[in-house]
1. Which residues, taken from region 135-175, are outside any helix (DSSP H, G or I), open to solvent by 70 Å² or more (accessible area, probe 1.4 Å) and either under 15 Å from residue 2 (Cα atoms) or modelled with pLDDT of 90 or more (or both)?
2. If I filter region 57-112 down to residues being among the acidic types (Asp, Glu) and open to solvent by 70 Å² or more (accessible area, probe 1.4 Å), which single residue comes out as farthest from residue 26 (Cα to Cα)?
3. From the list 131, 114, 123, pick out the single residue that is basic (Lys, Arg) and out of contact with any helix residue (DSSP H, G or I) (no Cβ under 7 Å at 6 or more places or on another chain).
4. State the number of residues belonging to region 38-56 that are in a helix (DSSP H, G or I) and surrounded by 14 or more Cβ atoms within 10 Å (Cβ to Cβ).
5. Taking the condition of being assigned to a loop (DSSP other than H, G, I, E, B) and either without any contact (Cβ under 8 Å) to a residue 12 or more places away in the chain or within 16 Å of residue 66 (Cα to Cα) (or both), how many residues in region 82-105 meet it?
Amino acid sequence: DLQTAYDDLETSFKVSQGSLLTASVQELDARRDAAIRGIHQAAKAYSFHYDEATQSAAVAVTKAISKYGTRIAQLNYPAQTATLKSLVKDFENDADLTTALTSLNLTAWVAELKNANTDFEAKYLDRVTDKANKKTTPVSEHRPAAIAAYDTMVQHIQANNILSPSTALTELIGQLNE
């Protein structure tokens, strides 16, 4: 019927591009952005510390972060995820960095960064999978049924006008033929 054909066409034409997971992905991205910025800013602040050992630890952490660029938080989602994984790996596997982070009391922040990045990656992959699984039929496949239903409707109107002529039907047929 015409309404079904119209609904199918409209559904195919207006595919929802959004995902219910987008807000969660954005929140998790903001969380990991805050963590990396916090670690970096804290290390920068400690680089001015009066204690030479604290300064040295801060410089080591700042250099480790700077190795990955100055705008980690502005990278696209996949690049930022990979960069943060590598940075956290450096923090965990380099004994000097681990010691520096501990002396600056930044280990909890590193744990937050790691957890936020892991949570982000899982939610981001869920969103990508969700988008990939949205199945839509192309408009071109629905068009023949819609045209056939429309033609049938026009034929019914024309037949009705032949059997029971009226000014309203004649005007409607004129509009349909425009």
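The values are calculated or read from the model by the stated rules, or taken from the named source; none is laboratory data. In this text, all values refer to a predicted model and were calculated from it rather than measured experimentally. Using ideal geometry, Cβ is built from the backbone for each residue, glycine included, and neighbour counts are taken over all protein chains shown. The protein model used for the area step is the full one, side chains on, heavy atoms only, and it has no ligands, DNA or RNA in it. Shrake-Rupley method; radii C 1.70, N 1.55, O 1.52, S 1.80 Å.
1. Here is the first cut: in region 135-175, the ones outside any helix (DSSP H, G or I) are 135-138, 164-166.
With the extra rule that they be open to solvent by 70 Å² or more (accessible area, probe 1.4 Å), the set shrinks to 135-136, 165.
Across region 135-175, the qualifying residue is only 165.
2. Within region 57-112, the first condition is being among the acidic types (Asp, Glu), and the residues that meet it are 90, 92, 94, 96, 112.
Next, only the ones that are open to solvent by 70 Å² or more (accessible area, probe 1.4 Å) stay: 92, 96.
Working: 92: 26, 96: 33 Å.
It comes out as 96.
3. Numbers: 114 fails: out of contact with any helix residue (DSSP H, G or I) (no Cβ under 7 Å at 6 or more places or on another chain); 123 fails: out of contact with any helix residue (DSSP H, G or I) (no Cβ under 7 Å at 6 or more places or on another chain).
Within the list 131, 114, 123, the selection yields 131.
4. So the answer is 10.
5. 2
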